[in-house]
Every structure is written in C-alpha cells, then in structure tokens.
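Report on the following structure.
The values are calculated or read from the model by the stated rules, or taken from the named source; none is laboratory data. Computed from a prediction, not measured in an experiment: that's the story for all the values here. Cβ placement follows ideal geometry from the backbone for every residue including glycine, while neighbour counts extend to all protein chains displayed.
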Amino acid sequence: MTGVLLDARLAVRRGTFQLDVELRIGRGETVALLGPNGAGKTTALRALAGLTPLSADGRLLLDGRDLSRTPPEQRPIGVVFQDYLLFPHLSARDNVAFGPRRHGRDRKAAHAVADHWLDRVGLTEYARRKPRNLSGGQAQRVALARALAVDPTLLLLDEPLAALDARTRLETRGELRRHLSAHPGATLLVTHDPLDALVLADRLVIVEQGRVVQEGDAATITARPRTDYVARLVGLNLFRGHGDGHAVTVADGFTLTSTDTVHGDAFVAFPPSAVALHPHQPDGSPRNTWPAVLADVQHHGDNLRVRLDGPISVAADITPAAAAQLDLVPGRQLWVAVKATETRAYPDGSQ
Amino acid sequence: MKPGRVPVPLLVPAVLGLIFLILPLVGLLARTPWGSLLDRLTEPGVVAALRLSLLTSTLATVLCLVLGVPLAWLLARVEFPGRRLVRALITVPLVLPPVVGGIALLLALGRRGLVGQWLDSTFGITLPFTTAGVVIAESFVALPFLVIAVEGALRGADSRYEEAAATLGSGRWTTFTHVTLPLVAPGIAAGAVLCWARALGEFGATITFAGNYPGVTQTMPLAVYQTMESGDLEGAVVLSLILLVVSVAILAGLRDRWLTAP
C-alpha cells in the first residue's frame, strides 16, 4: 500500500436517514464495507459512483482530484452492480466494449479491449451471447470485465456474489479474489456476508445506521468485536460493561469474571461453544454460573444453537448428545456455566 | 382454467361482446359486390385516396415519433414543476371530439389563426386544405396514443441500466440513444402502430381542418363518407373493405415483426 488513493467523507441525507462515513483506501487495497441491511452500504457506494449526491459537508478525493460534484460519467470509477445490470440488448462483448467506446475508442479498439477482458475472465467463447443466455456466474464475470475495461481508479462492487447459488458462489469468490488482487487501483466491496468480506478484503469497515462502528483487519475484528452486530457476525457473545480487575459488571449487578484484566469501560466476549448448560446448579471450577430460561433452539452446523434469557442473553452451542440429556423445550430452567479462561475482556477504546 | 369451467355470468357477456365486434365486419363482407370488385379497385379515385391515406398516416407517425418520444422521455425521466398538468394536457386530444380538434387547429394554424397568420405572412406557408394539413390533423389526434404508450414503456424499463451506463462514462444523450431507446424499442413500436392506425382512420379533424379535395386531402375515410353520401352504397362498401384489408394486413405484419417481446 503506497499512500492513500481514495479519501472520502460520504455524507448523505435522505429524509430521516443520515449517512456519514469516512473512508480511506490505498492503492491496490481492497476494503469491505460490511453491515446489516439498511445500514447505508449501498447509499455509500452510490455516493462514491455519483449516483446519489453528497451533501455539502461530504468530500470525495480520488488520486488527488476532487470529485465531490463530478457527474458519474466523468468519474474514473467502475461499478459491478448487485444484479449486474448487463445491457440485455447487447452481447457480452458489446457490453464490455460499451465503456471503452464511451471513452473515445473506435469500434475496433473497443472490441479489442473487450476481447482482452473476456479472455481474462475466461469467457472468450461466450463473447457473442446475450446476457439472458449466460449463467449467473458468467454474467457476474462479464459485469466485472465491463467495470474493469475502463481502467477505473476505484472499483466498486455491490454484493457481487449475493445473486449466485452456493456452489457457484464458492468458485466465483476465489476467482474474484484473484482479479481484485490484480487490480492496481483501489477496491471497495459492499457486502453483508462476512465470509465474502474476510476472503476478498484486506481491511473491513463496519457500518451500522449510517456510521462506522469498527474498522480494522479481519483478525482484530474477529477477536475484539465492538457491537452486537459484529459479535454475531463473528459468532461471539458480547457484553459491554464496567471492568474492575478480573470482574466486569455487564448488567445491573451481574458480573462476569475473566482471566484478562481490565479497568473502566470494557467488553467481555466468549464463543457460544464456551457456554455449558446444566440441569442443576454446577459446582467446581467455572467462575461464571447463573440460572437461565431457554428461549429458542436452532440447528447450527452439526450442533444446536440455544438462546437463553436470564440476567444476560447468551447463545450456546451444544452437541445433539448433550441436548438429548437436557430436554430442550422453550421455557425450561437451566444453569449456564462459562469458564473464566474462555472469556476475553478488553477495554472499550471508543470512550 | 379449462373453457368448460368459465362462470356463465362471465362467459355470456364475453361472447356477446365478441359477436358485437365481429357482426358489422360480417355485414360488410356479406354486402361486398365480389363480381365487380376488381374493376372498382382500380378506379383512379380509389387508388389516389388509398395512396394519400397511406402517405399521410405514415408521415403523421414519423412526426409523432420525432416529437412524441422525447416528450414521453421528459415526462418519464425528468421531474419538473407542472409535470402532472402537462400529462393531463396531453390526454385532452384523446377525449376531444376530432371535429372540435379540427376547429381548434383552424383557429391556431388557419390562415387567420394564432400562429397560422404569422406562418402565412412570414414564410408564405398555408396549412389548411393541403396535404400537409392532413398530416397535421392526423398527428394532432394520434400523438397522445404514442406519448402514453412510450411513457408507459419508459416507466416500466429499469432506469438503473441508465445509471450503469453513466458509470461506464456515457453522457445522458448517448445513454438515451444506446441504452434507453433499445430497451424500450418494443414499447415504441407498439405506440407507433397504435398511432398509425389512429391516423389512418382519422376523419373529423381532417375534414374540418384540411377539407375534402380528391387527390389532395381526400383520404380513404373521407372517400368512404362522400361515396356513401352520393348514394353509392356499393362503392362505399368496396372502399371500406379496402381500408379494412390494408389496416389488418399491416397490423398483422408488424405484430409478427415488432410487437412480440424480444
């Protein structure tokens, strides 16, 4: 990463919704904008592309140029749309050649560029097909080729894999990763799928309700989530509280004990697999035990994920064998145990 | 649903409606003098009226396309104050009796009309009682059909394709010609056919604004009317049959080529 290529403050006001996201992306870097539905991810992407205007305090600098008020057709920004939006009346080749043609190349040169990109995505033999005769995965690759054919300084991808079935998704994800790492400009990927973000991006920016709530590399975010959404995303139970040594008070008078030491505002996190369930109050080593009521049971891979209400709400992963001994019906009284060694406590840096 | 399971309260009116539409055509065919048909077809007056009808309705359709497609685009894609009023104004010629339309055209474009006076004194152009006047009258009546059909097609088309074109460096005009137009081509074709059929059948506005001069402004519907008035029922039947055959043939031909979804 050699310096910042994109430096933006994406401020958009739309009725009661307000987006305000600071974003910096380096040359050759891929950043994933991750967040729940309605967080403002797509609005951020549209603002970057120029399809939604920035409000007065917004700013968009790309490679030193101020593009804040530049119309979309004059921005060196390529977009792969969620449902691709390939022009239905044009062949795959003419779809890819569309951008180069608009950038002043003659028909022959534009077709040469299109052929080159279709070859890069492995679709040379499909060049003459119309979009309706392409599979989902092929259409996705044509859309990527079309966006890259204008050599964009910034490449934007809106949920690029969301429209694909599970199997195609797996193949396309790997291939997309290869193309993104070859892209010399900056790349922003908008997704709600943490796996896409983890596989494709160098850095994650997490938005909720129009604001950045956390950013960093995958390791940091998965180890130290800062909101419920992020915690659920990475599969952790997360509680915000007040630390005093090994004890963190997370609810009214309810304390979790950790082997980590924290003081002041802090988080405590532990995976659902660290939560044990007992029919009666357990004795012995676990430092954290409390009575709880079973709220819900769902399949989760080979295990069952159990939601429990009590002084705090937690998720527990248990094996079907353990479940058989516990008689898991909603409303059942259980005891929850979490070992202090399996919890992580860390300061709330945002304070 | 199988035909046998259609409820009677729906089936009876439907069949009656069908008969109501078809019966007059059957009447026309039943009274056609098939023996002398060929002779009457080649009468110079008939050929001239038919040629004039096809020429003027085609020119009117071209004029409607040139003016109507941009107008439909404006209504569908640009938000401007008074858009609803404009849309309402466009539908006025639809409900206006064509004769009234013809009088209105005379008052606007006639020799002493609002704009016609100026056209006459400045350019020496007179529209009423000319072939050009026929085209004007037909366009006035047919334009709303085209605008409404094309605006509907534009609203139905996904405008995000136009956004995708913009991100690829396409300006608004190029996007219109290279993306929007091809996307709504079937809708424009449907609108043009509707527009052409309306222009071909136009009577009231034409006879009021352009008059009824054989070879100059006497189109087929006017010829049918005049023949009928002069007591020649058989002649009127022959002319009607020609108009019917020509319009059905062209509509059928266009339907196969243009009006099926791509």
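Right, B:THR122: among the polar types (S, T, N, Q) and assigned to a helix (DSSP H, G or I) or not? Yes; evaluated as a whole, the condition is true for this residue.
Considering only residues of the stretch A:80-126 that are among the hydrophobic types (A, V, I, L, M, F, W, C) and free of Cβ contacts under 8 Å to residues at least 24 places away in the same chain, which is nearest to the other protein chains (Cβ to nearest Cβ)?
Let us first name the residues in the stretch A:80-126 that are among the hydrophobic types (A, V, I, L, M, F, W, C), namely A:80-81, A:85-87, A:90, A:92, A:96-98, A:109-110, A:112-114, A:117-118, A:121, A:123.
From what's left, free of Cβ contacts under 8 Å to residues at least 24 places away in the same chain: A:109-110, A:112.
Details: A:ALA109: 15, A:ALA110: 11, A:ALA112: 17 Å.
Per the criteria, the residue is A:ALA110.
Here is a yes/no grid of residues against (1) among the hydrophobic types (A, V, I, L, M, F, W, C); (2) more than 21 Å from the chain's Cα centre (by Cα); (3) modelled with pLDDT under 95:
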position	(1), (2), (3)
A:THR124	no, yes, yes
A:GLY137	no, no, yes
A:GLN140	no, no, yes
A:LEU156	yes, no, no
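Show me the strands (runs of 3 or more DSSP E) entirely contained within the stretch A:177-240 in which 1 or more residues are more than 30 Å from A:GLU342 (Cα to Cα) and in contact (Cβ under 8 Å) with a residue 12 or more places away in the chain. Full working, then the answer.
Working: elements: A:186-191, A:203-208, A:211-216.
Because the criterion is at least 1 residues that are more than 30 Å from A:GLU342 (Cα to Cα) and in contact (Cβ under 8 Å) with a residue 12 or more places away in the chain, the strands (runs of 3 or more DSSP E) in the stretch A:177-240 that meet it are A:186-191, A:211-216.
Inspect the stretch A:139-149 for any residue being in a loop (DSSP other than H, G, I, E, B), at negative phi and crowded, with 24+ Cβ neighbours inside 10 Å and give the result as yes or no. Looking for residues that are in a loop (DSSP other than H, G, I, E, B), at negative phi and crowded, with 24+ Cβ neighbours inside 10 Å, one finds at least one in the stretch A:139-149, hence yes.
Answer yes if at least one residue in the stretch A:69-80 is in contact with a Pro (Cβ under 9 Å, 6 or more places away or on another chain), surrounded by fewer than 23 Cβ atoms within 10 Å (Cβ to Cβ) and polar (S, T, N, Q), and no otherwise. No, every residue in the stretch A:69-80 fails to be in contact with a Pro (Cβ under 9 Å, 6 or more places away or on another chain), surrounded by fewer than 23 Cβ atoms within 10 Å (Cβ to Cβ) and polar (S, T, N, Q).
When you go through (1) in contact (Cβ under 8 Å) with a residue 24 or more places away in the chain; (2) within 28 Å of B:ALA142 (Cα to Cα) one by one for B:ARG40, which number turns out not to apply? Exception for B:ARG40: condition (2). Taking the numbered list (1) within 14 Å of chain A (Cβ to nearest Cβ); (2) buried (at least 24 other Cβ atoms within 10 Å of the Cβ); (3) not in a helix (DSSP H, G or I) in turn, B:ALA164 passes all entries but (3).
Where helices (runs of 4 or more DSSP H) fall wholly inside the stretch B:26-102, the ranges with 2 or more residues that are modelled with pLDDT of 90 or more and not charged (D, E, K, R) are B:44-77, B:83-95. Within the stretch A:45-69, residues that are more than 14 Å from chain B (Cβ to nearest Cβ) sit with their Cβ atoms under 9 Å from residues that are assigned to a loop (DSSP other than H, G, I, E, B) and among the hydrophobic types (A, V, I, L, M, F, W, C), at 6+ positions apart or across chains, in these pairs: A:LEU60/A:LEU54; A:LEU60/A:LEU67; A:LEU61/A:LEU67; A:SER68/A:LEU54; A:ARG69/A:LEU54.
Pull up the stretch B:64-109, narrow it to residues that are of a type in the set (Gly, Ala, Ser) and either without any contact (Cβ under 8 Å) to a residue 24 or more places away in the chain or farther than 19 Å from B:VAL134 by Cα (or both), then point me to the one that is surrounded by the most Cβ atoms within 10 Å (Cβ to Cβ). My answer is B:ALA72.
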